[in-house]
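The values are calculated or read from the model by the stated rules, or taken from the named source; none is laboratory data. Computed from a prediction, not measured in an experiment: that's the story for all the values here. When we count neighbours, we look across all protein chains shown, and the Cβ atoms used for this are built from the backbone with ideal geometry, even at glycine. Only protein heavy atoms, including side chains, enter the accessible area calculation; ligands, DNA and RNA are left aside. Shrake-Rupley method; radii C 1.70, N 1.55, O 1.52, S 1.80 Å.
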Amino acid sequence: MTFSKRLSLFALACLLTLTACGGTSAPPAEGPDIPPSPPPEIAGTPEEENVTLYDLGGLKAALPNEYLDLLRVDTDFPDGSESWKPLISVYEKASYEAAEQDFGGGAGFLFGFLSMDQAALEQHINYDGDHARVFAADGERYYALTGPTDVQFYRPGGEIDIESEDWKLWEKLNELGPRVQADFLERNGLQPFTVQDFLSRRAEEEDSVCLRYYPYFVKDGDTRIYYQLLLRQPARQGEGGIWAVDRWIDKSGSQSLYFPDSGKPAAEHYAELQKQCDAGEHLELLAPAGAAAAFVTDYFGHETVDGSFEEVPEVDYGYVERNERLHRMVLGLMSRPEDVDGMDLLSCVGEATADNWGVLGRWMYGSDWFAPLMEALAEAAVGEDQQRRDSMVISCFLATGDAQADFRTPLSAILKAQFDADSQAFLAALREFSEAEQILIEDAAGFSTHLLGAVVPDGLTGAMSPPDTPEYVCALPEAPEIF
């Protein structure tokens with residue numbers, strides 16, 4: 001299944017869920033003048049005289065009587081499936097009826113409960129659904145509290161007065177969900193459960209193999225941008241066990257768990273795949289790279305070739321952190337350069353690697369960020385702790401040597417300005433790098449300590465004054481769009 005098909009299915013699932021649980025509630029079958037059929041109620045015991053119980057197919061939910069006249073409660077969901085099954089939806093009656101009168105319904109939703117099986121839970125985690133929060137389990141099914149995706153308060157004409165008594169009452173009604181949830185958990189003898197519990201147990205399972213996936217390798221051989229795939233053997237460990245992608249991390253560090261969308265729990269799906277592999281089918285799954293290629297084709301719809309994947313010892317979290325930091329930094333320079341600290345900027349560009357600059361080059365158009373970046377670097381290049389400033393600019397120069405944009409011209413001018421400001425600090429910074437790197441920098445800055453075999457005298461700096469940096473940067477031609 002392609003990535004676009006997955007998005008379509010997910011959008012459909014969200015629509016069905018919100019329709020069933022209240023986010024975009026469809027109008028009931030009855031006309032507006034006919035009251036809806038009351039949901040099944042259970043008479044409370046004397047100790048429960050302050051609540052009304054609702055039968056949810058063997059489970060019970062209790063709503064406080066003090067608010068009952070203000071609520072509309074639905075417990076009948078004929079379109080719900082056993083895998084993803086709404087149990088109850090609670091609305092503010094006034095909002096529900098006003099919206100129904102004005103445009104056919106779709107307002108007033110406060111909260112609801114739904115239950116899901118293992119396969120549905122895994123897909124819920126797959127898509128990180130934020131409209132439902134899993135809070136309980138009973139060994140077979142999981143239970144979630146659902147909420148609206150937007151403000152559901154409505155009055156005739158659509159006017160909202162947050163100073164009105166109606167609004168204040170609405171806010172009180174919105175506090176009911178967590179209260180009813182706590183009672184539901186205890187009343188039905190359920191076990192507390194969170195998605196994080198599930199993820200923590202999963203993290204303790206067998207070791208993973210890490211592969212880098214280079215999505216642009218097929219197009220132009222670029223290996224600077226990569227996703228990091230973590231694979232494990234889900235059915236049988238060791239020789240003969242199939243491999244499968246467990247989670248993947250994109251270039252900015254966003255992590256996504258992966259569960260196959262087969263309509264079955266992942267464990268059952270992989271057990272069947274293992275049997276098929278034992279019978280001679282899907283033999284590509286016996287190697288991590290083969291399993292990764294199958295995942296990329298199915299999930300992203302990408303073509304892969306030899307070289308699209310590389311096995312590495314572990315996830316490089318530094319790579320994604322630097323990508324994100326560099327991205328945030330250039331966005332700051334483009335929007336509010338006065339808020340960017342000079343030393344933070346130098347540290348960011350000094351720590352960025354050639355891979356990080358390659359990501360930025362494909363991520364954002366160079367014509368947007370290149371000139372502001374060079375101007376800010378020129379302003380930050382000279383100051384206190386000069387040796388560190390020099391070291392960061394030198395590192396930036398070396399890391400951008402193969403970049404498509406012309407970093408060399410403006411950075412050479414900045415290096416010259418640093419040398420002119422404090423030659424001894426510059427030479428001390430230069431010694432932190434390899435001999436080959438020193439020669440590159442000396443060439444860029446317009447001098448050579450290696451040819452002279454000695455430290456350049458202080459007096460030499462007066463003959464090497466660079467052009468005025470701000471004018472130089474402003475005079476730079478527009479950087480090419482790097483894409």
Exercise. Within segment 371-386, is even one residue of a type in the set (Asp, Glu) and at positive phi?
Worked result: yes
For this session: Kindly list, by first and then second residue, each pair from a residue in segment 52-66 that is touching a residue at least 12 places away in the same chain (Cβ under 8 Å) to a residue that is open to solvent by 70 Å² or more (accessible area, probe 1.4 Å), limited to pairs with Cβ atoms under 6 Å and residues at least 6 apart or on different chains.
Result: THR52/GLU41; LEU53/LYS60; LYS60/ARG187; ASN65/ASN50
Exercise. What pairs come up if the first residue lies in segment 169-198 and is aromatic (Phe, Trp, Tyr), the second is open to solvent by 60 Å² or more (accessible area, probe 1.4 Å), and their beta carbons are under 9 Å apart, counting only those six or more places apart or on different chains?
Worked result: PHE184/LYS60
Problem set entry | segment 164-179, subset out of contact with any Pro (no Cβ under 8 Å at 6 or more places or on another chain) and open to solvent by less than 60 Å² (accessible area, probe 1.4 Å), residue farthest from ALA107 (Cα to Cα) | SER164
Exercise. Does LEU211 meet the test of being within 23 Å of GLY238 (Cα to Cα) and not acidic (Asp, Glu)?
Worked result: yes
Exercise. Looking only at residues in segment 207-226 that are outside any helix (DSSP H, G or I) and of a type in the set (Lys, Arg), which one is nearest to VAL305 (Cα to Cα)?
Worked result: ARG212
Exercise. Among (1) farther than 22 Å from ASP69 by Cβ; (2) touching a strand residue (DSSP E or B) at 6+ places or on another chain (Cβ under 6 Å); (3) surrounded by fewer than 20 Cβ atoms within 10 Å (Cβ to Cβ), where does ALA144 come up short?
Worked result: (3)
Problem set entry | Tally of residues being without any contact (Cβ under 8 Å) to a residue 12 or more places away in the chain, acidic (Asp, Glu) and within 17 Å of ASP246 (Cα to Cα) across segment 280-322 | 1
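For (1) closer than 14 Å to ILE225 by Cα; (2) open to solvent by less than 50 Å² (accessible area, probe 1.4 Å); (3) assigned to a helix (DSSP H, G or I); (4) modelled with pLDDT under 95, each residue gets a yes or a no:
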position: THR304; (1), (2), (3), (4): no, yes, no, no
position: GLY307; (1), (2), (3), (4): yes, yes, no, no
position: GLU311; (1), (2), (3), (4): no, no, no, no
position: ARG322; (1), (2), (3), (4): yes, no, yes, no
position: ARG325; (1), (2), (3), (4): no, no, yes, no
position: GLY332; (1), (2), (3), (4): no, yes, yes, no
position: MET343; (1), (2), (3), (4): no, no, yes, no
position: LEU346; (1), (2), (3), (4): no, yes, yes, no
Problem set entry | Test: PRO148 is more than 22 Å from GLY263 (Cα to Cα), at pLDDT 90 or above and out of contact with any helix residue (DSSP H, G or I) (no Cβ under 6 Å at 6 or more places or on another chain) | yes
For this session: Evaluate the following for SER391: is it assigned to a helix (DSSP H, G or I), under 20 Å from ASN356 (Cβ atoms) and either of a type in the set (Ser, Thr, Tyr) or touching a residue at least 60 places away in the same chain (Cβ under 8 Å) (or both)?
Result: yes
For this session: Kindly list, by first and then second residue, each pair from a residue in segment 124-136 that is in a loop (DSSP other than H, G, I, E, B) to a residue that is surrounded by fewer than 17 Cβ atoms within 10 Å (Cβ to Cβ) and modelled with pLDDT of 75 or more, limited to pairs with Cβ atoms under 6 Å and residues at least 6 apart or on different chains.
Result: HIS131/THR149
For this session: Looking only at segment 227-249, decide whether some residue is farther than 17 Å from GLY290 by Cα, part of a strand (DSSP E or B) and of a type in the set (A, V, I, L, M, F, W, C).
Result: yes
